[in-house]
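The values are calculated or read from the model by the stated rules, or taken from the named source; none is laboratory data. Here the structure is a predicted model, which is why all the values come from computation and not from measurement. Here the Cβ positions follow ideal geometry from the backbone for every residue, glycine too, while neighbour counts run over all protein chains shown. Please note that ligands, DNA and RNA were not included when accessible areas were found on the heavy atoms of the full protein model with its side chains. Shrake-Rupley method; radii C 1.70, N 1.55, O 1.52, S 1.80 Å.
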Amino acid sequence: MTTVVVIGGDAAGMSAASKVKRELQDADVIVYEKTETISYSACGMPYWIAGVVESEDQLLVMSPEKAKAKRGLDVHIHHEVTAIDPAAKTIEGINHATGARFTQAYDTLMIATGARAVLPPIPGMELPGVFTLRAFDDSRRIQRYLAEYDPAHAVIIGGGYIGIEMAEALRERELDVHLVEMLPQLMPNFDDDMVGDITQHVQEQGVTLHLSTRAERVEKEGERLRVTLSDGSSLVTDMVLVSVGVRPNSELAQAAGLAVGASGAITVDAHMRTSDPDIYAAGDCVEYEHIVLGAPVWIPLAPSANKGGRVAGDNMSGGDTTFPGILGTAVVKVFDYTMSVTGLTERSARTSGKFGADGADVGAAITSGTDKAGYWPGAARITVKLVFQKSTGKILGAQLVGKAGVNKRIDIVAAAISGGLTVRDLGMMDLSYAPPFSPTYDPLQVCANVAEKQVG
Ligand code: FAD
(Lines give C-alpha, C1' and ligand atoms only; values in the text may rest on other atoms or scores of the structure.)
Protein backbone atom coordinates (compact mmCIF):
# COMPACT_ATOMS: atom_id res chain seq x y z
CA MET A 1 0.00 0.00 0.00
CA THR A 2 1.30 3.50 -0.86
CA THR A 3 1.97 5.85 2.02
CA VAL A 4 1.57 9.53 1.29
CA VAL A 5 2.66 11.96 4.01
CA VAL A 6 1.56 15.59 3.97
CA ILE A 7 3.21 18.26 6.13
CA GLY A 8 0.78 21.11 6.87
CA GLY A 9 -2.99 20.83 7.22
CA ASP A 10 -4.34 23.97 5.61
CA ALA A 11 -5.20 24.99 2.04
CA ALA A 12 -2.40 23.37 0.03
CA GLY A 13 -1.88 20.35 2.29
CA MET A 14 -5.52 19.39 2.64
CA SER A 15 -6.19 19.95 -1.08
CA ALA A 16 -3.34 17.59 -1.95
CA ALA A 17 -4.30 15.01 0.68
CA SER A 18 -7.95 14.97 -0.39
CA LYS A 19 -7.06 14.67 -4.06
CA VAL A 20 -4.70 11.74 -3.43
CA LYS A 21 -7.29 9.90 -1.38
CA ARG A 22 -9.96 10.44 -4.04
CA GLU A 23 -7.66 9.06 -6.73
CA LEU A 24 -6.00 6.27 -4.72
CA GLN A 25 -8.58 4.91 -2.30
CA ASP A 26 -6.13 2.34 -0.97
CA ALA A 27 -3.39 4.83 -0.14
CA ASP A 28 -2.53 5.65 3.44
CA VAL A 29 -2.72 9.43 3.53
CA ILE A 30 -1.27 10.92 6.71
CA VAL A 31 -1.38 14.67 7.42
CA TYR A 32 0.75 16.27 10.14
CA GLU A 33 -0.29 19.71 11.38
CA LYS A 34 1.65 21.42 14.16
CA THR A 35 -1.22 23.61 15.45
CA GLU A 36 -4.61 22.37 16.59
CA THR A 37 -6.45 23.68 13.54
CA ILE A 38 -6.70 22.35 10.00
CA SER A 39 -8.53 23.68 6.93
CA TYR A 40 -9.51 27.11 8.20
CA SER A 41 -10.25 30.30 6.35
CA ALA A 42 -7.33 32.58 7.26
CA CYS A 43 -8.82 35.12 4.87
CA GLY A 44 -11.98 35.27 7.00
CA MET A 45 -10.14 35.95 10.27
CA PRO A 46 -10.23 39.78 10.07
CA TYR A 47 -13.98 39.57 9.49
CA TRP A 48 -14.47 37.32 12.51
CA ILE A 49 -12.51 39.82 14.61
CA ALA A 50 -14.67 42.62 13.13
CA GLY A 51 -17.82 40.73 14.12
CA VAL A 52 -19.06 40.43 10.53
CA VAL A 53 -18.57 36.66 10.76
CA GLU A 54 -20.36 35.68 13.94
CA SER A 55 -18.62 32.53 15.04
CA GLU A 56 -15.24 30.92 14.60
CA ASP A 57 -17.01 27.73 13.57
CA GLN A 58 -17.95 29.41 10.31
CA LEU A 59 -14.24 29.66 9.44
CA LEU A 60 -13.34 26.10 10.39
CA VAL A 61 -14.01 24.02 7.33
CA MET A 62 -12.82 20.64 8.57
CA SER A 63 -11.84 18.87 11.78
CA PRO A 64 -9.53 15.83 11.97
CA GLU A 65 -12.58 13.69 12.78
CA LYS A 66 -14.49 14.98 9.77
CA ALA A 67 -11.40 14.54 7.57
CA LYS A 68 -11.27 10.89 8.64
CA ALA A 69 -14.99 10.22 8.28
CA LYS A 70 -15.62 12.11 5.04
CA ARG A 71 -12.28 11.85 3.24
CA GLY A 72 -10.49 8.92 4.82
CA LEU A 73 -7.52 11.09 5.85
CA ASP A 74 -5.41 10.36 8.87
CA VAL A 75 -4.84 13.82 10.37
CA HIS A 76 -2.56 14.35 13.36
CA ILE A 77 -2.81 17.78 14.94
CA HIS A 78 -0.18 19.13 17.38
CA HIS A 79 2.33 17.12 15.32
CA GLU A 80 5.24 19.18 14.05
CA VAL A 81 7.55 17.65 11.47
CA THR A 82 11.11 18.59 12.37
CA ALA A 83 13.20 16.81 9.73
CA ILE A 84 12.95 15.10 6.35
CA ASP A 85 15.40 12.38 5.32
CA PRO A 86 14.98 12.09 1.53
CA ALA A 87 17.48 9.21 1.28
CA ALA A 88 15.69 7.06 3.86
CA LYS A 89 12.28 8.47 2.76
CA THR A 90 11.25 9.21 6.34
CA ILE A 91 10.17 12.22 8.31
CA GLU A 92 10.71 12.90 11.99
CA GLY A 93 8.66 15.03 14.30
CA ILE A 94 7.35 15.82 17.72
CA ASN A 95 3.87 15.44 19.15
CA HIS A 96 3.43 18.65 21.13
CA ALA A 97 0.49 17.20 23.04
CA THR A 98 2.61 14.42 24.61
CA GLY A 99 6.20 15.46 23.96
CA ALA A 100 6.76 12.12 22.18
CA ARG A 101 8.95 12.02 19.10
CA PHE A 102 7.80 10.11 16.02
CA THR A 103 9.20 8.82 12.73
CA GLN A 104 7.14 7.99 9.66
CA ALA A 105 8.16 6.44 6.36
CA TYR A 106 6.67 7.73 3.11
CA ASP A 107 6.51 6.73 -0.52
CA THR A 108 5.58 10.26 -1.55
CA LEU A 109 5.87 13.40 0.55
CA MET A 110 4.01 16.69 0.23
CA ILE A 111 5.38 19.86 1.85
CA ALA A 112 2.65 22.42 2.49
CA THR A 113 4.12 24.33 5.39
CA GLY A 114 2.87 27.74 4.25
CA ALA A 115 4.31 30.98 5.50
CA ARG A 116 4.67 32.81 8.80
CA ALA A 117 4.32 36.40 9.91
CA VAL A 118 7.55 38.36 10.15
CA LEU A 119 8.39 40.46 13.18
CA PRO A 120 10.54 43.53 12.61
CA PRO A 121 13.83 43.50 14.53
CA ILE A 122 12.72 46.09 17.07
CA PRO A 123 12.43 45.81 20.87
CA GLY A 124 9.14 44.88 22.48
CA MET A 125 7.72 42.41 19.95
CA GLU A 126 7.38 39.77 22.68
CA LEU A 127 5.26 41.94 24.99
CA PRO A 128 1.72 40.90 25.90
CA GLY A 129 -0.67 42.96 23.80
CA VAL A 130 1.55 42.72 20.68
CA PHE A 131 0.01 40.44 18.03
CA THR A 132 0.51 39.07 14.56
CA LEU A 133 -2.30 37.50 12.54
CA ARG A 134 -1.42 34.38 10.60
CA ALA A 135 -2.46 31.13 12.27
CA PHE A 136 -5.98 30.54 13.51
CA ASP A 137 -4.74 30.68 17.09
CA ASP A 138 -3.58 34.26 16.46
CA SER A 139 -7.14 35.31 15.75
CA ARG A 140 -8.35 33.52 18.89
CA ARG A 141 -5.70 35.35 20.94
CA ILE A 142 -6.82 38.69 19.53
CA GLN A 143 -10.48 37.88 20.18
CA ARG A 144 -9.71 36.88 23.78
CA TYR A 145 -7.71 40.07 24.33
CA LEU A 146 -10.51 42.23 22.93
CA ALA A 147 -13.05 40.47 25.17
CA GLU A 148 -10.89 40.54 28.31
CA TYR A 149 -9.32 44.03 28.19
CA ASP A 150 -11.81 45.96 26.07
CA PRO A 151 -8.98 48.02 24.50
CA ALA A 152 -9.82 51.53 23.32
CA HIS A 153 -6.76 52.14 21.17
CA ALA A 154 -4.68 50.09 18.73
CA VAL A 155 -1.53 50.67 16.70
CA ILE A 156 -1.11 48.68 13.49
CA ILE A 157 2.40 48.40 12.13
CA GLY A 158 2.32 47.77 8.37
CA GLY A 159 -0.13 49.06 5.75
CA GLY A 160 -0.46 46.07 3.45
CA TYR A 161 -3.70 44.16 3.02
CA ILE A 162 -3.72 42.48 6.44
CA GLY A 163 -2.93 45.79 8.18
CA ILE A 164 -5.77 47.49 6.33
CA GLU A 165 -8.27 44.68 6.87
CA MET A 166 -7.42 44.76 10.56
CA ALA A 167 -7.72 48.57 10.68
CA GLU A 168 -11.25 48.12 9.40
CA ALA A 169 -11.96 45.27 11.83
CA LEU A 170 -10.76 47.25 14.84
CA ARG A 171 -12.66 50.38 13.75
CA GLU A 172 -15.70 48.12 13.51
CA ARG A 173 -15.01 47.24 17.16
CA GLU A 174 -14.83 51.02 17.87
CA LEU A 175 -11.16 51.23 18.71
CA ASP A 176 -9.16 54.34 17.98
CA VAL A 177 -6.77 53.03 15.28
CA HIS A 178 -3.35 54.38 14.25
CA LEU A 179 -1.60 52.77 11.29
CA VAL A 180 2.18 53.12 10.91
CA GLU A 181 3.75 52.39 7.50
CA MET A 182 7.42 52.93 6.73
CA LEU A 183 6.81 53.47 3.01
CA PRO A 184 5.19 56.66 1.72
CA GLN A 185 2.05 54.77 0.60
CA LEU A 186 -0.52 52.26 1.81
CA MET A 187 -0.81 48.95 -0.08
CA PRO A 188 2.76 48.87 -1.40
CA ASN A 189 1.95 46.14 -3.94
CA PHE A 190 -0.06 48.75 -5.88
CA ASP A 191 1.42 51.63 -7.86
CA ASP A 192 1.45 54.86 -5.88
CA ASP A 193 -0.91 56.57 -8.32
CA MET A 194 -3.64 54.02 -7.43
CA VAL A 195 -3.83 54.56 -3.67
CA GLY A 196 -5.03 58.19 -3.44
CA ASP A 197 -8.75 57.42 -3.02
CA ILE A 198 -8.24 54.72 -0.43
CA THR A 199 -5.70 56.74 1.55
CA GLN A 200 -8.24 59.52 1.95
CA HIS A 201 -11.06 57.07 2.62
CA VAL A 202 -9.18 55.18 5.34
CA GLN A 203 -8.59 58.48 7.13
CA GLU A 204 -12.24 59.47 6.74
CA GLN A 205 -13.09 56.18 8.45
CA GLY A 206 -11.18 57.34 11.53
CA VAL A 207 -7.80 55.68 10.99
CA THR A 208 -4.86 57.97 11.76
CA LEU A 209 -2.07 57.31 9.26
CA HIS A 210 1.64 57.66 9.94
CA LEU A 211 3.21 57.17 6.49
CA SER A 212 6.98 57.24 5.80
CA THR A 213 7.32 56.42 9.49
CA ARG A 214 8.93 53.46 11.24
CA ALA A 215 7.92 51.96 14.53
CA GLU A 216 11.20 51.86 16.44
CA ARG A 217 10.26 50.14 19.68
CA VAL A 218 7.37 49.03 21.84
CA GLU A 219 7.58 49.30 25.64
CA LYS A 220 5.35 48.80 28.64
CA GLU A 221 3.78 52.03 29.88
CA GLY A 222 2.01 51.06 33.09
CA GLU A 223 -0.91 48.87 32.00
CA ARG A 224 -0.55 50.11 28.44
CA LEU A 225 2.07 50.07 25.64
CA ARG A 226 4.10 52.89 24.17
CA VAL A 227 5.12 52.72 20.50
CA THR A 228 7.99 55.06 19.63
CA LEU A 229 8.05 56.26 16.01
CA SER A 230 10.94 57.35 13.79
CA ASP A 231 9.61 60.93 13.64
CA GLY A 232 10.33 61.27 17.35
CA SER A 233 6.69 61.02 18.44
CA SER A 234 5.16 58.12 20.34
CA LEU A 235 1.74 56.56 20.72
CA VAL A 236 0.37 55.17 23.95
CA THR A 237 -1.90 52.30 23.10
CA ASP A 238 -3.68 49.18 24.38
CA MET A 239 -2.64 46.77 21.65
CA VAL A 240 -0.27 46.51 18.71
CA LEU A 241 -0.87 44.46 15.57
CA VAL A 242 2.26 43.77 13.55
CA SER A 243 1.55 43.09 9.87
CA VAL A 244 4.82 43.80 8.10
CA GLY A 245 4.89 40.76 5.85
CA VAL A 246 5.39 37.03 5.70
CA ARG A 247 8.22 34.58 4.98
CA PRO A 248 7.95 31.10 3.48
CA ASN A 249 8.31 28.16 5.88
CA SER A 250 10.96 26.45 3.78
CA GLU A 251 13.60 25.61 6.41
CA LEU A 252 12.59 21.94 6.57
CA ALA A 253 12.96 21.63 2.81
CA GLN A 254 16.27 23.49 2.78
CA ALA A 255 17.67 21.32 5.57
CA ALA A 256 16.70 18.27 3.49
CA GLY A 257 18.74 19.64 0.59
CA LEU A 258 15.80 20.63 -1.62
CA ALA A 259 16.30 23.55 -4.00
CA VAL A 260 14.87 26.93 -3.06
CA GLY A 261 14.55 30.09 -5.14
CA ALA A 262 15.73 33.67 -4.67
CA SER A 263 12.84 34.41 -2.28
CA GLY A 264 13.79 31.46 -0.07
CA ALA A 265 10.59 29.61 -1.04
CA ILE A 266 10.80 26.06 -2.38
CA THR A 267 11.48 25.52 -6.08
CA VAL A 268 8.89 23.34 -7.83
CA ASP A 269 8.23 22.45 -11.46
CA ALA A 270 4.85 22.76 -13.16
CA HIS A 271 3.87 19.40 -11.65
CA MET A 272 4.59 20.83 -8.17
CA ARG A 273 7.52 18.45 -7.86
CA THR A 274 10.53 19.67 -5.88
CA SER A 275 14.16 18.88 -6.75
CA ASP A 276 13.53 15.44 -5.20
CA PRO A 277 11.22 13.39 -7.46
CA ASP A 278 9.36 11.85 -4.50
CA ILE A 279 8.71 15.16 -2.75
CA TYR A 280 6.07 17.63 -3.86
CA ALA A 281 5.26 21.07 -2.47
CA ALA A 282 2.65 23.77 -3.01
CA GLY A 283 1.11 26.86 -1.45
CA ASP A 284 2.73 29.73 0.40
CA CYS A 285 5.99 27.80 0.88
CA VAL A 286 6.75 27.60 -2.87
CA GLU A 287 7.60 29.87 -5.77
CA TYR A 288 5.22 29.60 -8.73
CA GLU A 289 5.98 30.49 -12.32
CA HIS A 290 4.75 34.01 -13.14
CA ILE A 291 2.73 33.91 -16.34
CA VAL A 292 3.94 37.30 -17.59
CA LEU A 293 7.54 37.12 -16.43
CA GLY A 294 8.04 33.45 -17.26
CA ALA A 295 10.11 33.20 -14.08
CA PRO A 296 9.47 31.91 -10.58
CA VAL A 297 8.08 34.39 -8.08
CA TRP A 298 6.82 34.21 -4.53
CA ILE A 299 3.31 35.65 -4.20
CA PRO A 300 1.58 33.81 -1.35
CA LEU A 301 -2.19 33.75 -1.89
CA ALA A 302 -5.03 31.34 -1.22
CA PRO A 303 -6.20 30.46 -4.76
CA SER A 304 -2.75 29.26 -5.86
CA ALA A 305 -2.32 27.35 -2.59
CA ASN A 306 -5.55 25.44 -3.21
CA LYS A 307 -4.91 24.84 -6.90
CA GLY A 308 -1.23 24.00 -6.44
CA GLY A 309 -2.18 21.51 -3.74
CA ARG A 310 -4.71 19.89 -6.00
CA VAL A 311 -2.24 19.64 -8.89
CA ALA A 312 0.36 18.12 -6.56
CA GLY A 313 -2.22 15.64 -5.26
CA ASP A 314 -3.16 14.61 -8.78
CA ASN A 315 0.47 14.03 -9.80
CA MET A 316 1.24 12.23 -6.55
CA SER A 317 -1.54 9.81 -7.51
CA GLY A 318 0.02 9.04 -10.88
CA GLY A 319 -1.67 11.83 -12.84
CA ASP A 320 0.00 14.23 -15.26
CA THR A 321 -1.40 17.66 -14.49
CA THR A 322 0.52 20.89 -14.88
CA PHE A 323 -0.08 24.16 -13.11
CA PRO A 324 -0.23 27.07 -15.56
CA GLY A 325 1.40 29.60 -13.23
CA ILE A 326 0.12 32.70 -11.47
CA LEU A 327 -0.56 36.36 -12.01
CA GLY A 328 -0.83 37.28 -8.32
CA THR A 329 -4.43 38.30 -8.88
CA ALA A 330 -5.73 39.74 -5.62
CA VAL A 331 -8.62 41.77 -4.28
CA VAL A 332 -9.00 43.53 -0.96
CA LYS A 333 -11.82 45.36 0.77
CA VAL A 334 -10.79 48.73 2.18
CA PHE A 335 -13.84 49.87 4.18
CA ASP A 336 -16.29 51.00 1.44
CA TYR A 337 -13.72 50.62 -1.33
CA THR A 338 -12.28 47.62 -3.15
CA MET A 339 -8.82 47.40 -4.67
CA SER A 340 -7.68 44.71 -7.06
CA VAL A 341 -4.55 43.84 -8.97
CA THR A 342 -3.39 41.26 -11.48
CA GLY A 343 -0.09 40.72 -13.28
CA LEU A 344 2.60 43.38 -13.15
CA THR A 345 2.25 46.84 -11.71
CA GLU A 346 3.93 49.61 -13.69
CA ARG A 347 6.71 49.66 -11.10
CA SER A 348 7.31 45.91 -11.22
CA ALA A 349 7.15 45.85 -15.05
CA ARG A 350 9.69 48.66 -15.34
CA THR A 351 12.10 47.08 -12.86
CA SER A 352 11.67 43.52 -14.19
CA GLY A 353 14.41 43.92 -16.80
CA LYS A 354 12.13 42.16 -19.32
CA PHE A 355 10.84 45.18 -21.19
CA GLY A 356 13.80 47.17 -22.43
CA ALA A 357 16.39 49.25 -20.65
CA ASP A 358 14.73 51.00 -17.70
CA GLY A 359 11.43 49.52 -18.80
CA ALA A 360 11.28 51.70 -21.92
CA ASP A 361 8.84 49.26 -23.56
CA VAL A 362 6.35 49.50 -20.66
CA GLY A 363 3.23 51.55 -21.23
CA ALA A 364 0.62 52.54 -18.68
CA ALA A 365 -2.80 54.15 -18.91
CA ILE A 366 -5.06 55.31 -16.10
CA THR A 367 -8.67 56.32 -16.57
CA SER A 368 -11.53 57.07 -14.19
CA GLY A 369 -15.18 56.57 -15.01
CA THR A 370 -18.33 55.40 -13.30
CA ASP A 371 -18.83 51.81 -12.27
CA LYS A 372 -22.44 51.83 -13.60
CA ALA A 373 -24.21 54.09 -16.10
CA GLY A 374 -23.51 57.63 -14.90
CA TYR A 375 -27.20 58.32 -14.32
CA TRP A 376 -27.78 55.15 -12.31
CA PRO A 377 -28.44 55.87 -8.59
CA GLY A 378 -25.31 55.22 -6.57
CA ALA A 379 -22.97 55.19 -9.57
CA ALA A 380 -19.48 55.81 -8.18
CA ARG A 381 -16.03 56.49 -9.47
CA ILE A 382 -13.91 53.55 -10.56
CA THR A 383 -10.27 53.98 -11.55
CA VAL A 384 -8.54 51.55 -13.90
CA LYS A 385 -4.85 51.26 -14.67
CA LEU A 386 -3.59 49.03 -17.45
CA VAL A 387 0.08 48.17 -17.85
CA PHE A 388 1.11 46.87 -21.27
CA GLN A 389 4.01 46.34 -23.62
CA LYS A 390 4.19 49.38 -25.88
CA SER A 391 5.70 47.59 -28.89
CA THR A 392 3.08 44.81 -29.00
CA GLY A 393 0.13 46.07 -26.95
CA LYS A 394 0.25 42.91 -24.86
CA ILE A 395 -1.39 43.38 -21.47
CA LEU A 396 1.04 42.93 -18.58
CA GLY A 397 -1.11 43.89 -15.63
CA ALA A 398 -3.98 45.91 -14.23
CA GLN A 399 -5.15 47.58 -11.05
CA LEU A 400 -8.62 48.80 -10.15
CA VAL A 401 -9.95 50.92 -7.30
CA GLY A 402 -13.58 51.78 -6.67
CA LYS A 403 -16.65 51.01 -4.64
CA ALA A 404 -18.27 48.33 -6.81
CA GLY A 405 -17.45 46.12 -9.77
CA VAL A 406 -13.76 46.02 -8.92
CA ASN A 407 -13.38 42.34 -8.16
CA LYS A 408 -14.75 40.65 -11.24
CA ARG A 409 -13.42 43.28 -13.64
CA ILE A 410 -9.89 42.37 -12.52
CA ASP A 411 -10.70 38.77 -13.36
CA ILE A 412 -11.52 39.82 -16.94
CA VAL A 413 -8.02 41.22 -17.21
CA ALA A 414 -6.52 38.12 -15.59
CA ALA A 415 -8.28 36.04 -18.23
CA ALA A 416 -7.07 38.40 -20.97
CA ILE A 417 -3.45 38.17 -19.79
CA SER A 418 -3.70 34.39 -19.50
CA GLY A 419 -4.85 34.32 -23.11
CA GLY A 420 -1.98 36.58 -24.23
CA LEU A 421 -4.39 39.33 -25.34
CA THR A 422 -3.53 42.93 -26.23
CA VAL A 423 -5.15 46.18 -25.10
CA ARG A 424 -6.86 46.28 -28.50
CA ASP A 425 -8.35 42.81 -27.92
CA LEU A 426 -9.61 43.97 -24.53
CA GLY A 427 -11.02 47.20 -25.93
CA MET A 428 -13.03 45.26 -28.51
CA MET A 429 -14.05 42.29 -26.38
CA ASP A 430 -17.80 41.68 -26.35
CA LEU A 431 -18.50 42.47 -22.69
CA SER A 432 -21.97 42.73 -21.19
CA TYR A 433 -23.80 46.00 -20.61
CA ALA A 434 -26.87 47.22 -18.75
CA PRO A 435 -27.13 50.56 -16.87
CA PRO A 436 -27.22 49.08 -13.32
CA PHE A 437 -23.92 47.28 -13.95
CA SER A 438 -21.72 49.34 -16.26
CA PRO A 439 -21.57 52.21 -18.72
CA THR A 440 -21.97 51.27 -22.41
CA TYR A 441 -18.21 51.26 -22.72
CA ASP A 442 -17.01 49.37 -19.70
CA PRO A 443 -14.36 51.30 -17.67
CA LEU A 444 -11.89 48.55 -18.58
CA GLN A 445 -12.49 49.13 -22.28
CA VAL A 446 -12.22 52.90 -21.93
CA CYS A 447 -8.80 52.39 -20.37
CA ALA A 448 -7.84 49.82 -23.02
CA ASN A 449 -8.73 52.29 -25.78
CA VAL A 450 -6.62 55.01 -24.16
CA ALA A 451 -3.76 52.51 -23.80
CA GLU A 452 -3.99 51.50 -27.44
CA LYS A 453 -3.01 55.01 -28.54
CA GLN A 454 0.45 54.41 -27.05
CA VAL A 455 0.97 51.07 -28.83
CA GLY A 456 3.31 50.77 -31.79
P1 FAD B 1 -0.86 27.93 5.41
O2 FAD B 1 -2.26 28.40 5.40
O3 FAD B 1 0.18 28.80 6.06
O4 FAD B 1 -0.81 26.50 6.06
C5 FAD B 1 0.39 25.84 6.37
C6 FAD B 1 0.15 24.93 7.52
O7 FAD B 1 1.32 24.18 7.76
C8 FAD B 1 -0.13 25.69 8.81
O9 FAD B 1 -1.34 25.23 9.37
C10 FAD B 1 1.08 25.40 9.68
O11 FAD B 1 0.77 25.33 11.06
C12 FAD B 1 1.52 24.04 9.15
N13 FAD B 1 2.94 23.76 9.36
C14 FAD B 1 3.99 24.56 9.09
N15 FAD B 1 5.15 23.94 9.39
C16 FAD B 1 4.82 22.71 9.86
C17 FAD B 1 5.58 21.60 10.32
N18 FAD B 1 6.90 21.64 10.35
N19 FAD B 1 4.92 20.49 10.73
C20 FAD B 1 3.56 20.44 10.70
N21 FAD B 1 2.80 21.46 10.27
C22 FAD B 1 3.42 22.58 9.85
N23 FAD B 1 -5.17 35.06 0.48
C24 FAD B 1 -6.00 35.42 -0.52
O25 FAD B 1 -5.82 34.97 -1.65
N26 FAD B 1 -7.05 36.28 -0.29
C27 FAD B 1 -7.31 36.81 0.94
O28 FAD B 1 -8.27 37.55 1.13
C29 FAD B 1 -6.42 36.47 2.00
N30 FAD B 1 -6.61 36.99 3.23
C31 FAD B 1 -5.77 36.63 4.24
C32 FAD B 1 -5.98 37.18 5.50
C33 FAD B 1 -5.15 36.84 6.55
C34 FAD B 1 -5.37 37.46 7.89
C35 FAD B 1 -4.10 35.91 6.34
C36 FAD B 1 -3.19 35.51 7.48
C37 FAD B 1 -3.89 35.34 5.10
C38 FAD B 1 -4.71 35.71 4.03
N39 FAD B 1 -4.52 35.18 2.75
C40 FAD B 1 -5.36 35.57 1.73
C41 FAD B 1 -3.43 34.24 2.46
C42 FAD B 1 -3.92 32.80 2.53
O43 FAD B 1 -4.48 32.57 3.78
C44 FAD B 1 -2.75 31.87 2.27
O45 FAD B 1 -2.28 32.12 0.96
C46 FAD B 1 -3.13 30.40 2.40
O47 FAD B 1 -3.58 30.11 3.68
C48 FAD B 1 -1.91 29.52 2.08
O49 FAD B 1 -2.20 28.19 2.32
P50 FAD B 1 -1.04 27.15 2.62
O51 FAD B 1 -1.72 25.85 2.86
O52 FAD B 1 0.01 27.23 1.59
O53 FAD B 1 -0.32 27.69 3.94
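Given contacts defined as C-alpha pairs under 8 Å and at least six residues apart, what's the relative contact order of the range 366-412, whole-number percent? Each step should come with its number before you reach the end.
Values: 69 pairs, mean separation 14.8, N = 47.
That works out to 32 percent.
Quick check on packing: order 125-137, 241-253 by the mean number of other C-beta atoms within 10 Å, highest mean leading. The partial results should precede the final answer.
Numbers: 125-137: 17.0, 241-253: 21.5.
Answer by packing, highest mean first, reads 241-253, 125-137.
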**Prompt:** Okay, helix-only estimate at 222 nm for the chain: each DSSP H run of n ≥ 4 adds -39500 (n - 2.57), divide by all residues, round to 500 deg cm²/dmol; what do you get?
**Reply:** -7500 deg cm²/dmol
**Message:** Positive end of the dipole of the chain, charges at C-beta (+1 Lys, Arg; -1 Asp, Glu), about the Cα centre: which of MET187, ALA365, SER243 has its Cα farthest in that direction?
**Reply:** ALA365
**Asked** Quick one: ranking THR82, THR113 by accessible area, 1.4 Å probe, largest first, what do you get?
**Response** THR82, THR113
**Fill in**
Full extension between VAL52 and ASP26 adds, at 0.36 nm per residue less the Cα distance, a length in nm of 5.2 nm
**Fill in**
Sorted by chain and then number, the residues having a modelled amide H within less than 5 Å of the amide H of VAL286, at least 5 places away or on another chain, are ILE266
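Under a Cβ-only charge scheme (Lys and Arg +1, Asp and Glu -1), can you give me the dipole magnitude of the range 329-456 about the Cα centre, in debye to the nearest 20? Intermediate values should be presented prior to the final figure.
Values: 14 positive and 10 negative charges, 40 e Å.
Computed about the Cα centre, the dipole is about 180 debye.
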**Request:** Would you mind calculating the relative contact order of the chain from Cα pairs under 8 angstrom and at least 6 residues apart, reporting the percent as a whole number?
**Result:** 13
**Prompt:** Roughly how many nanometres apart are two label points built 7 Å out from the Cα toward the Cβ at SER233 and ARG116?
**Reply:** 3.4
**Message:** So the label point goes 7 Å from the Cα of VAL455 along Cα→C-beta, right? Which residues of the range 386-412 then have their backbone N under 16 Å from it?
**Reply:** 386-398
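When you count, for each residue, the other Cβ atoms within 10 Å and take the mean per peptide, how do 185-191, 169-175 rank with the highest first? Could you put the intermediate results ahead of the total?
Numbers: 185-191: 21.1, 169-175: 18.4.
Highest mean packing first, the order is 185-191, 169-175.
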**Solvent-accessible ranking of TYR149, TYR337, largest area first, probe 1.4 Å** = TYR149, TYR337
**Fill in**
In this structure, the FRET efficiency calculated for TYR441 and ALA88 from their beta-carbon separation, with R0 = 51 Å, to the nearest 0.05, is 0.20
**Request:** Please identify which residues in the range 237-276 have an amide N closer than 17 Å to a label point set 7 Å out from the Cα of LEU127, following the Cα→Cβ vector.
**Result:** 237-243
**Asked** If you add up the charges near TRP298, with Lys and Arg at +1 and Asp and Glu at -1, over every other residue whose beta carbon is less than 13 angstrom from its beta carbon, what do you get?
**Response** -2
**Prompt:** Taking the Cα centre of the chain as the origin and placing charges on Cβ (Lys, Arg +1; Asp, Glu -1), which of MET125, ALA295, GLY261 is farthest toward the positive end of the dipole?
**Reply:** ALA295
**Prompt:** Share of the chain's accessible area from carbon and sulfur, percent, 1.4 Å?
**Reply:** 50
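Counting heavy atoms of the protein chains only and a 1.4 Å probe, report the per residue accessible area for the chain as a whole number of Å².
Working: 19570 Å² over 456 residues.
Per-residue value: 43 Å².
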